[in-house]
Amino acid sequence: MNRRDLIKQGSLAALGVALPMPLINFTEYINMGENKSFEVIIVGGSYAGLSAAMALGRSLRSVLIIDSGKPCNQQTPHSHNFITQDGVKPSEIAKKAKEQVLEYNTVKFLNDLAISGKKTENGFIITTESGGEFKAKKLIFATGIKDTMPNIKGFAACWGISIVHCPYCHGYELRNKKTGIVANGDRAFHLASLVNNLTNNITILTTGKADFNKEQLTKFDNHNIKIIETEISEIEHENGQVKNVLFNNSNKINFEGIYAALPFTQHSHIPVSLGCELNEHGFIKTNGYQKTTIEGVYVCGDNSSMMRSVATAVYTGNLTGAMINKELTDEQF
């Protein structure tokens, strides 16, 4: 779609003509004019990306945020363990953050999907799904990760609502409730140790042969933590709230909440395509200051941290913005 088509669609929308929801924000795209070069492009405009943008905007850096509007926690009703925002809906936090960040006029926001990136002599080029090409000296990927849902009926509908990943984010709300843990091995043991402080009614659902050593099994026994190896066939729920877990042997057990340790993939393939290395857990490797193994490329948020929370995303984003600003300063001063 060319620029004239964008303007035409934007005009039709202004006249009240119903149009399919576009990825791109026409007004903001047109207002960019011919300026397609920035000091920093941030791919991912949720908590981490917006936090990085604020740090950079306050240093008068020219920044483009590219975001497709599909955060991984879009089903989650409330965010917790984030001071001043405890219990607030995640989308409300993101909306307020975006409004505040865009008060800094060197920061632009594009509703689009980044689909490729390449290194150039002077920086990088990011190409978007709508056909845009944007240049930058530095890149930040705040793209998160994508959970791999198990093939269990009803599981995905409960994810982020009553099937959760983190005791720090959701454990207080599940306190003293009959709780399941869908995991096995060391990950199940780690979750059980944390959840044990929140409820004394825990059952580990390994969905296959249990993989625990003798010491772990002894601790489970000491804390009256049960283990069920039978595969799960379905999660019965009401509007995402778990009611029962159905097993392949036709048994049914009531649960009020479930923790799950799911495998994941990187939400964006671009960092790896640029040469960024992953660590043994599948997160993007950094030097401790959010810098990747590729010069000029930084990451923040869930794509590079095992501490998966809004508060951590905001912190790592702020740190990333400061580190890139320092790098640009060192190059220019």
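The values are calculated or read from the model by the stated rules, or taken from the named source; none is laboratory data. Predicted model only: the values in this text are computed from it and were never measured. Quick reminder, even Gly has a Cβ in these numbers, built from the backbone with ideal geometry, and neighbours come from all protein chains shown.
Checking every residue in the range 240-252 against the condition of being modelled with pLDDT of 95 or more, in the same structural domain as C166 (by TED's automatic domain parsing) and of a type in the set (D, E, K, R) gives at least one match.
Can S79 be described as surrounded by 14 or more Cβ atoms within 10 Å (Cβ to Cβ), of a type in the set (S, T, Y) and in contact (Cβ under 8 Å) with a residue 40 or more places away in the chain? Spell out how you get there, then give the answer.
On the way: surrounded by 14 or more Cβ atoms within 10 Å (Cβ to Cβ): yes; of a type in the set (S, T, Y): yes; in contact (Cβ under 8 Å) with a residue 40 or more places away in the chain: yes.
Yes, satisfied.
The residue that is farthest from E39 (Cα to Cα), counting only those in the range 82-94 that are small (G, A, S) and surrounded by 14 or more Cβ atoms within 10 Å (Cβ to Cβ), is S91. Residues considered: G282, G321. Of these, the only one that is crowded, with 18+ Cβ neighbours inside 10 Å, in the same structural domain as L60 (by TED's automatic domain parsing) and out of contact with any Phe, Trp or Tyr (no Cβ under 6 Å at 6 or more places or on another chain) is G321. All of Q290, Q241 fail the test of being crowded, with 22+ Cβ neighbours inside 10 Å, in contact with a helix residue (DSSP H, G or I) (Cβ under 8 Å, 6 or more places away or on another chain) and not hydrophobic (A, V, I, L, M, F, W, C), apart from Q290. Quick check: anything in the range 261-276 among the small types (G, A, S), touching a Leu at 6+ places or on another chain (Cβ under 7 Å), modelled with pLDDT under 95 and not in a helix (DSSP H, G or I)? Yes: the range 261-276 contains one or more residues that are among the small types (G, A, S), touching a Leu at 6+ places or on another chain (Cβ under 7 Å), modelled with pLDDT under 95 and not in a helix (DSSP H, G or I). Scanning the range 172-209 for residues that are of a type in the set (K, R) and within 24 Å of S79 (Cβ to Cβ) yields R175, K177, R187. Yes or no: M21 of a type outside the set (S, T, N, Q), surrounded by 14 or more Cβ atoms within 10 Å (Cβ to Cβ), modelled with pLDDT under 90 and over 19 Å from the mean Cα position of the chain (by Cα)? Against the criterion (of a type outside the set (S, T, N, Q), surrounded by 14 or more Cβ atoms within 10 Å (Cβ to Cβ), modelled with pLDDT under 90 and over 19 Å from the mean Cα position of the chain (by Cα)), M21 does not qualify. Is it the case that L198 is over 30 Å from I126 (Cα atoms), under 28 Å from the mean Cα position of the chain (by Cα) and part of a loop (DSSP other than H, G, I, E, B)? Yes: the conditions hold for L198. Return yes or no: is S59 touching a Gly at 6+ places or on another chain (Cβ under 9 Å), small (G, A, S), in the same structural domain as L113 (by TED's automatic domain parsing) and modelled with pLDDT of 95 or more? The answer is yes for S59. In the range 111-132, the count of residues that are within 20 Å of R58 (Cβ to Cβ) and either in the same structural domain as G160 (by TED's automatic domain parsing) or not hydrophobic (A, V, I, L, M, F, W, C) (or both) is zero.
Pairs are defined by a Cβ separation below 6 Å, a sequence spacing of at least 6 or placement on different chains, a first member in the range 203-232 that is without any contact (Cβ under 8 Å) to a residue 60 or more places away in the chain, and a second member that is of a type in the set (G, A, S) and part of a loop (DSSP other than H, G, I, E, B); the pairs so defined are I227/A210; E229/A210.
Identify, from the list G69, G44, the residue that is under 30 Å from A157 (Cβ atoms), within 26 Å of the chain's Cα centre (by Cα) and at pLDDT 90 or above. Step through it out loud before you land on a result.
On the way: G69 fails: at pLDDT 90 or above.
On inspection, the qualifying residue turns out to be G44.
Does the range 136-151 contain at least one residue that is crowded, with 16+ Cβ neighbours inside 10 Å, more than 21 Å from the chain's Cα centre (by Cα), at negative phi and not charged (D, E, K, R)? Yes: the range 136-151 contains one or more residues that are crowded, with 16+ Cβ neighbours inside 10 Å, more than 21 Å from the chain's Cα centre (by Cα), at negative phi and not charged (D, E, K, R). Is it true that some residue in the range 287-306 is assigned to a helix (DSSP H, G or I) and farther than 21 Å from S273 by Cβ? No. Y168 satisfies every condition listed in (1) part of a helix (DSSP H, G or I); (2) within 13 Å of L262 (Cα to Cα); (3) of a type outside the set (S, T, N, Q) except (2). Determine, yes or no, whether I66 is crowded, with 17+ Cβ neighbours inside 10 Å, more than 24 Å from I284 (Cβ to Cβ) and touching a residue at least 24 places away in the same chain (Cβ under 8 Å). So I66 fails the test. The set of residues from the range 217-233 being assigned to a helix (DSSP H, G or I) and either more than 23 Å from K177 (Cβ to Cβ) or among the small types (G, A, S) (or both) comprises L217, T218.
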